[in-house]
Structures are given as C-alpha cells and as structure tokens.
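Each remark here refers to the structure printed beneath this line.
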Amino acid sequence: MKLYTTLEIEQLQQNEDLPYLIEIMDWVKIFLARPHPDLGRRGVVCPFVPSSLKSNNIWLAVIHTKNLCLEQVEAIVKSYLDIFLKKEADDDDKELAISKAFVLIFPDVHIEEASKVIDGVQKKLKPMFVESGLMLGEFHNRTENPGLHNPNFRPLRSPIPLLVIRPMTEIDLTFLMSPDNPHLCIRYLEAYLNHFGHKITDEIKFKDAHQALALAKEQLKQENLVNYCNINQSGSLK
C-alpha cells in the first residue's frame, strides 16, 4: 500500500497496480483539474487540484480489499489518517500543506458494493477526520451526491472507487452541516470552529458556522425534549 506521487507514477515501469494508478492519475488531470460545462461555475472541477499537481503534492495508493471485512478496511483507512498528519507535521512549507491530498484507490470494490463499502467507511470515519482538521471524501461511479452549483452535476463520480483525504478548508463549511442529524452537525461545526476560529478569513462563514451551531443545538434540545415527553407518556400509560 505504498503511496506514490504523480511524478513517481509516470516513472514506474513494472508494478501490478500501475494500471489503476495511471487510470486515476489521468482522471485527476483530465476531470478534476479542468473546467466542465455542467459544473455551474467558472474554473476547474476541484480548485485545489491544479496547485496540488504543480507542487507534486497528490499521493496515490492502491488498497486491495479482497477477503477483508468492513472493520479491516476502516482500520486501513484510519492508518492513512496518521500518515497524513505526520506528513503535515514534517512539511516545512505550511502554505503548500493545503494542497496535499491522499487518493486511496479500491479496485477490488465492485460497483454494486461501492455504496456499502466506500460510503459506509466514509460515513463511519468522517467525524474522526474532521476532528483532526481533515476531510474524507467518497468517490465512485454510483454516487448521487450533487454539485454545489448544479444539482444535476455529479462531481464525485470516479472510474474506480476512491476515498480522498485532504486538509479541511474554510469553504468546507457547506459539507459539515447535517440538518437531519443535529448531534453530528454539532460535532462537525465545533471541530470546524476549533480548527479555524482563531484564523478564519471569511467573516461571513464564521458567522454562518456559529448560527448553524446554535440552530443544531436548539434542534437537538427540542428532539431530546420530545423524546423525554414520549418516554414519560408511554410510562404513564402502563
């Protein structure tokens, strides 16, 4: 499960995982690093990818999961969290740190299993990554996650199932709001504010984060009150 930069992949000659590495490297360059007519805004699909490619700061690894249970896959992905944080700590150029990304490739995950494996692992581990100041993104060819600027665009569709680790940014606030789960929303927003609170540059996002946090806490309070009343009511009926 060695990590390769894009430059290292271009120099590889004999490696059983080379076809997967090349396919995803090409997808990163051709899809993520370029504009798309359905994107709904100007610029490339992922605004961080061009600088990441220029600084040779995208690392790819192929993870074989045949005969592994979901818990074992989770453990492997968690190990990359530690590796990522160590690379961040060892990086002398903190301005380049924001362009770092790990692309974990899962060629053994069949498309029919992608929602269970890729989405399942991402959902389970995302809180841990967010609280470490990182984002964990899920990509596969069946995802229905829409684009921010065009709900009919599917920017997270990839030719091979992937999980992507990258630093959290201020603009990730949108991805950390979970109105259907106030407990998780509170956890994400508190991590966001702890990470950026002392150095946030966008005052609007800072204000939005605090407002969303207050709303989530109120929603959780109301839900707890309803649950408490329902428990008491059901007890009184016995």
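Read-outs throughout are calculated quantities, based only on the coordinates presented, and are distinct from any laboratory measurement. Remember, it's a predicted structure, so these values are computed and weren't measured experimentally. FYI the Cβ positions are ideal-geometry reconstructions off the backbone, even for glycines, and counts take in every protein chain you see.
Legend: ranking of residues Ser79, Ser55 from fewest to most surrounding C-beta atoms inside 10 Å; resulting order Ser79, Ser55. Here the spin labels are modelled as points 7 Å beyond Cα on the Cα-Cβ line, and at Gln211 and Leu193 they lie 1.4 nm apart.
Straight Cα distances below 16 angstrom link Lys29 to the aspartates and glutamates Glu8, Glu10, with same-chain residues fewer than 8 positions distant left out. Between Asp82 and Ser55, the C-beta separation translates, for a Förster distance of 25 Å, into a calculated FRET efficiency of about 0.65. Compactness of the range 33-110 is given as radius of gyration and Dmax, 15.6, 43 Å, from Cα positions. Could you give the Stokes-Einstein D for the range 104-175 in µm² per second, using the C-alpha Kirkwood radius, 20 °C, 1.002 mPa s? Stokes-Einstein gives a translational diffusion coefficient of 168 µm²/s. The angle separating the long axis of helix 18-27 from the principal Cα axis of greatest extent in the chain is about 70 degrees. Shape descriptor for the chain: Rg over Rh equals 1.02 (Cα atoms; Rh from the Kirkwood inverse mean 1/r). For the range 73-198, the Kirkwood estimate of hydrodynamic radius, built from reciprocal distances between every pair of different alpha carbons, is 15.4 Å. Taking Cα centroids, how far is the range 79-150 from the range 25-52 in Å? A separation of 17 Å, based on Cα centres. Using a cutoff of 8 angstrom between alpha carbon atoms and counting only pairs six or more residues apart, the relative contact order for the range 4-168 works out to 25 percent. Excluding same-chain neighbours fewer than eight residues apart, the lysines reachable from Lys123 by a Cα-Cα span under 25 Å are Lys2, Lys66, Lys78, Lys86, Lys87, Lys100, Lys205, Lys217, Lys221. Rg/Rh for the range 168-224 (Cα atoms only, Rh after Kirkwood) is 0.97.
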